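Here is the structure we will look at.
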Amino acid sequence: MASTQQIKARIGSVKNTKQITKAMELVSASKMRRAQDATLASREYVKTSREILARLRELTDVSTHPLFKVRDVKSRILIVITSDRGLAGAYNANILRRLTHELTEDRENGIETKLILVGKQASRFVAKIDEVNVIGSYDTMPENPSITDLSAILSTVKKAFIGEIVESKDQESGKSEKEIILPTTDAVDVLFTDYKSSILQEVTQQRLLPAADKATGQSKSDAPDAIFEPSPKEVLNAIADRLVDVQLWQAFLESQASEQSSRMMAMKTASDNAGELIDDLTLAMNSARQAAITQELAEIVGGAEAMK
């Protein structure tokens with residue numbers, strides 16, 4: 001059995017750890033409340049935006065709109081949202097497990113997968129995998145990103161999905177020439193953690209492009225009586241781009257709320273386990289102290305008997 005001094009040192013170490021985990025739990029709880037408020041405040045807006053896109057698909061010919069073009073998926077971009085830090089329970093592990101499944105499935109189906117990684121945890125994980133095409137990595141994303149913060153990702157995926165026209169100037173003649181770059185991907189998906197409650201978060205894959213894709217169940221509108229002015233086609237051209245943007249933004253908000261909830265629960269569990277360990281160590285220390293006292297008394301009594 002360890003000495004009382006050793007057990008006392010362990011109790012002190014566990015108490016220090018408990019103070020740290022308790023502080024992290026309180027910080028995560030505060031961040032979770034802010035992230036939860038932001039997520040819930042925008043959720044109805046994003047839900048309505050999907051319904052509007054679905055309704056516009058029903059009312060007008062969207063085949064000519066670049067964001068709605070449906071093609072056979074031979075190549076796709078997968079945006080993977082994880083955290084920069086660990087100590088968040090199974091939050092990152094669940095996302096990365098799903099990512100592994102998606103990569104395996106695409107490889108079996110002959111689909112080329114290109115990854116855009118958000119968070120250091122995803123970057124570290126993918127660095128250990130061979131033959132993975134990473135076209136973007138973002139390790140310093142703000143905790144509460146705005147649409148502006150996501151502009152680089154949105155620009156990358158839109159150019160890859162709809163192609164682009166690049167103008168260049170000939171050095172000799174000075175004439176400007178236009179070069180058409182064809183689309184390099186047929187679909188864009190987002191892999192994130194959907195916030196259900198403070199104790200339940202669910203890994204979700206959502207199709208971002210093509211917009212209102214039938215494969216995601218967004219093709220049926222819940223607003224059949226909606227009226228668009230001046231016309232569905234003009235409304236489509238005016239807001240489709242924006243409504244696609246907010247869907248990616250909402251995925252980031254959901255992920256942030258899920259991360260803070262997972263970290264809060266993980267730190268609460270660690271604090272509770274530390275408390276139980278302190279109780280066990282205290283009991284062991286008291287037992288060791290009692291055994292030492294009993295032994296000293298026995299030695300005193302034995303010595304007194306020997307002197308008679």
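What follows is calculated from the coordinates using simple rules that are stated; it is not laboratory data. The shown structure was predicted, so the numbers you read here are calculated from the model rather than taken from an experiment. Note: ideal-geometry Cβ built from the backbone for every residue, glycine included; neighbour counts use all protein chains shown.
In the chain, once you exclude exposed GluC sites (Glu not before Pro) (DSSP loop, at most 11 other Cβ within 10 angstrom), what's the longest stretch remaining? List each step's numbers first, then the result.
On the way: sites that count: 131, 172.
With GluC sites (Glu not before Pro) excluded where exposed in loops, the chain gives 173-308 as its longest stretch.
Using Cα pairs under 8 angstrom and six or more residues apart, how large is the relative contact order of the chain, in percent? It would help to have the intermediate numbers written out before the result.
Numbers: 440 pairs, mean separation 98.9, N = 308.
Reported as a whole number, the value is 32 percent.
Compare the Cα positions of 237, 70, 253 along the charge dipole of the range 20-270 (+1 at Cβ of Lys, Arg; -1 at Cβ of Asp, Glu; about the Cα centre) and return the one farthest towards the positive end.
Working it through, the farthest residue towards the positive pole turns out to be 253.
Would you calculate, for the chain, the mean residue ellipticity at 222 nm contributed by helices, counting each DSSP H stretch of 4 or more residues as -39,500 (n - 2.57) and dividing by all residues, to the nearest 500? Working shown, then result.
Values: 5 runs with 169 residues, N = 308.
The per-residue figure over the chain is -20000 deg cm²/dmol.
Mind checking which of 267, 212, 155 is farthest towards the positive end of the chain's charge dipole, using Cβ charges of +1 (Lys, Arg) and -1 (Asp, Glu) about the Cα centre?
Of the options given, the answer is 267.
Rounding to the nearest 20 debye, state how big the charge dipole of the chain is about its Cα centre with +1 on each Lys and Arg Cβ and -1 on each Asp and Glu Cβ. Numbers along the way, then the final one.
Working: 40 positive and 44 negative charges, 146 e Å.
Computed about the Cα centre, the dipole is about 700 debye.
So, in nm, how far is label residue 112 from label residue 306 when the simple model puts each one 7 Å beyond its Cα toward the Cβ?
So the two model labels end up 8.9 nm from each other.
Once you put a point 7 Å from the Cα of residue 90 and another 7 Å from the Cα of residue 47, both along the Cβ direction, what distance in nm separates them?
It works out to 2.6 nm between the two label points.
Antiparallel DSSP bridges in the range 20-270: what percent, to the nearest 5?
Working: 15 of 32 bridges.
If we restrict to bridges inside the range 20-270, about 45 percent are antiparallel.
Among 263-270, 10-17, 153-160, what's the highest-first ranking by average C-beta atoms within 10 angstrom per residue? Spell out each step's value before the answer.
On the way: 263-270: 20.1, 10-17: 14.6, 153-160: 18.6.
Listed from highest to lowest mean packing, they are 263-270, 153-160, 10-17.
With springs only between Cα atoms under 10 Å, which of 293, 95, 129 fluctuates most in a Gaussian network model of the chain?
Ranking 293, 95, 129 by mean-square fluctuation puts 293 first.
What residue among 99, 301, 197 has its Cα farthest toward the positive end of the dipole of the chain, where the charges are +1 on Lys, Arg and -1 on Asp, Glu, each on the Cβ?
The residue sitting most towards the positive pole is 301.
Simple spin-label model, 7 Å along Cα-to-Cβ: residue 34 to residue 228 in nm?
About 3.8 nm, to one decimal.
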